[in-house]
2 protein chains.
Amino acid sequence: MTLFYAPDFTPSQPTLPDDEAHHAFKVLRLAAGAVVNVTDGHGNLHEVKIADADWKKPRLQVLRTQTDFGKRDYRIHMAVAPTKNADRTEWLVEKCVELGVDEISFVACERSERRHFKTDRLEKIAVAAMKQSLKAYLPVVRDMIPFANFVKQTNAAQRFIAYLDEEKKAYLAKAATPGGDYCVLIGPEGDFSPKEVSFARQYGFEPVSLGNSRLRTETAAMAACHIFNIVNERC
Amino acid sequence: MTLFYAPDFTPSQPTLPDDEAHHAFKVLRLAAGAVVNVTDGHGNLHEVKIADADWKKPRLQVLRTQTDFGKRDYRIHMAVAPTKNADRTEWLVEKCVELGVDEISFVACERSERRHFKTDRLEKIAVAAMKQSLKAYLPVVRDMIPFANFVKQTNAAQRFIAYLDEEKKAYLAKAATPGGDYCVLIGPEGDFSPKEVSFARQYGFEPVSLGNSRLRTETAAMAACHIFNIVNERC
């Protein structure tokens, strides 16, 4: 199954953006009669027949539309400090989208080494990962904001902060209950400061551990995202 | 805590290999009096004081030795077809070591795009990830062998094969029981062939799913490894 992303696609106006049309007709060389899938990133999955393969003005015929394709009864919001090495942040976006995530926010922390951060490239990575893993919901990727602002404005029902100190904490796979609206905070390479942890706790973020291993920032984000999915898929 | 890897280290002969000595004394510029940790990759963790910081012939004094450091009562053997893109295989080795794995084998499958494969670089990545995540057991990384040979010679008590077809399969997080000796097979980009699946089943590999998402090879390997760890850390 080949999946294309066309944010403005509707059954009455079935069009592909230029880059997707180029990919379909110039790279994959799809011909008239081929059947492909198109999503708008909002849960709609259209099965589409190519009626005319003119890449500048293709004609597409919608055969079938599934709404709420792959809709889940839980929601994952990942908030993470960008890694020093940009590749590792790109990787975490790709992996969280593959595993299933709804929203990724970036937070600037006291010990963050990265103060400037652009999300343009990450949005492209999220689109590619959505297509590759055959999903019809495009996760939202948000620009970096200060840690305290993020903590104050977040109202997910189940809020967690994962960090490394010696303190005994609940294991996220036990603390998260199925069907939840989750938000988890993952710190920078030097971890959250004690002040940040205490601030988040005031705002109802429960301290959690992600297991016995000391994980890198991007691995921790991916592990937390996977844990939420496992908690829900187990039931 | 800084961790060094010295495979031949013993309390009676406390030496560092040249590359680790160079890193300790030339890069980190550790001086006499500094205390560091050294592992042999076989579960021994030594707390070591630097008595003389001559990098060509350092003198080290063992303060304390912990045996079986971080020893677990389960064992994870990951068998995976190398990805077409070598970076993705390197990434999966790093992430599985961080999350916790004991042995990584590579298998050549019918639909493998990669026929030649060297593990030298992967061993270095495994060492770096072991040090970074403060573990004292170095996972074994094995050269690629044909799929059928691997299947025949593997005798882990809980054997699984993860693949993607429509068939209803058990979810690995439910199928794996705690405290196990696990082996899981993860296929190449084009997945296992039906013949390979049937062959593995004959040898007692249970078909499993890794959840609702279609995952890339390297993400599937990492997800399976994480699931085994979660199954054990939950209990």
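Derivation of every value follows stated rules applied to the coordinates shown; laboratory data play no part. Since the structure is predicted, the reported quantities are computational estimates derived from the model, not experimental observations. Cβ: placed from backbone, ideal geometry, glycine included. Neighbour counts: every protein chain shown.
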Cβ neighbours within 10 Å, averaged per peptide: list B:37-45, A:55-63 in order, most packed at the top. B:37-45, A:55-63
With a 10 Å Cβ neighbour count serving as the proxy for reagent exposure, in which order, fewest first, do A:MET130, A:MET78 appear? A:MET130, A:MET78
Degrees between helix A:120-132 axis and first principal axis of chain A (Cα, 0 to 90, nearest 10): 60
Whole-percent pair-distance distribution, where bins are 10 Å wide, for the alpha carbons of the range B:110-235: 11, 39, 39, 11, 0
For B:ASP54 and A:SER198, what is the calculated FRET efficiency with R₀ set at 51 Å and r taken between the beta-carbons, to the nearest 0.05? 0.70
Using only alpha carbon pairs under 8 Å that are at least six residues apart, calculate the relative contact order of the range A:128-200 and give it in whole percent. 36
What list of ³J(HN,Hα) values in whole Hz, one per residue of the range B:75-87 in order, does the Karplus curve 6.51 cos²θ - 1.76 cosθ + 1.60 (θ = phi - 60°) give from phi, with Gly and Pro shown as x? 9, 10, 10, 9, 10, 9, 7, x, 6, 4, 8, 4, 4
Inter-copy spacing of A:TYR171 label points, which lie 7 Å from Cα along Cα→Cβ, given in nm from shortest upward: 1.7
Please report the relative contact order for chain A, taking Cα pairs under 8 Å with a sequence separation of at least 6, and give it as a percent rounded to a whole number. 20
Using only alpha carbons, build the gyration tensor for chain B and give me the equivalent ellipsoid semi-axes, biggest first, whole Å. 38, 18, 14
Would you please name the trypsin sites (Lys or Arg not before Pro) within the range B:135-208 that are DSSP coil residues with at most 13 other C-beta atoms within 10 Å of their C-beta? B:LYS168
Shielding of A:94-103 by partners, i.e. mean partner chain Cβ atoms within 10 Å per residue? 3
Averaged over A:213-220, how many beta carbons belonging to a partner chain fall within 10 Å of each residue's beta carbon? 5
With r defined as the distance between the Cβ atoms of B:ASP8 and B:LYS84 and R0 fixed at 56 Å, what FRET efficiency is calculated, to the nearest 0.05? 0.90
Output row for B:LEU134: copy-to-copy label distances, label 7 Å along Cα→C-beta, ascending, in nanometres, one decimal, is 4.2
Across the range B:112-228, how many lysine pairs, 8 or more positions apart or on different chains, have C-alpha atoms separated by under 20 Å? Please give the number. 4
Given the DSSP H assignment, sum -39500 (n - 2.57) over each helix run of at least 4 residues in the protein assembly as shown and divide by its residue total; what's the result at 222 nm in deg cm²/dmol, nearest 500? -8500 deg cm²/dmol
Given backbone amide H placed at 1.01 Å from N, residues whose amide H is under 5 Å from that of A:THR10, ignoring those fewer than 5 places away on the same chain, are A:THR15
With charges set only on the Cβ (+1 for Lys and Arg, -1 for Asp and Glu), what does the dipole of the range A:3-66 come to about its Cα centre, in debye to the nearest 20? 240
First obtain the Kirkwood hydrodynamic radius of the range A:3-66 from its Cα pairs, then insert it into the Stokes-Einstein equation at 37 °C and 0.692 mPa s, and state the resulting D in µm² per second as a whole number. 290
By how many degrees, 0 to 90 and rounded to 10, does the Cα axis of helix A:217-233 deviate from the longest principal axis of chain A? 70
How big is the charge dipole of the protein assembly as shown about its Cα centre, in debye rounded to the nearest 20, if each Lys and Arg gets +1 on its Cβ and each Asp and Glu gets -1 on its Cβ? 60
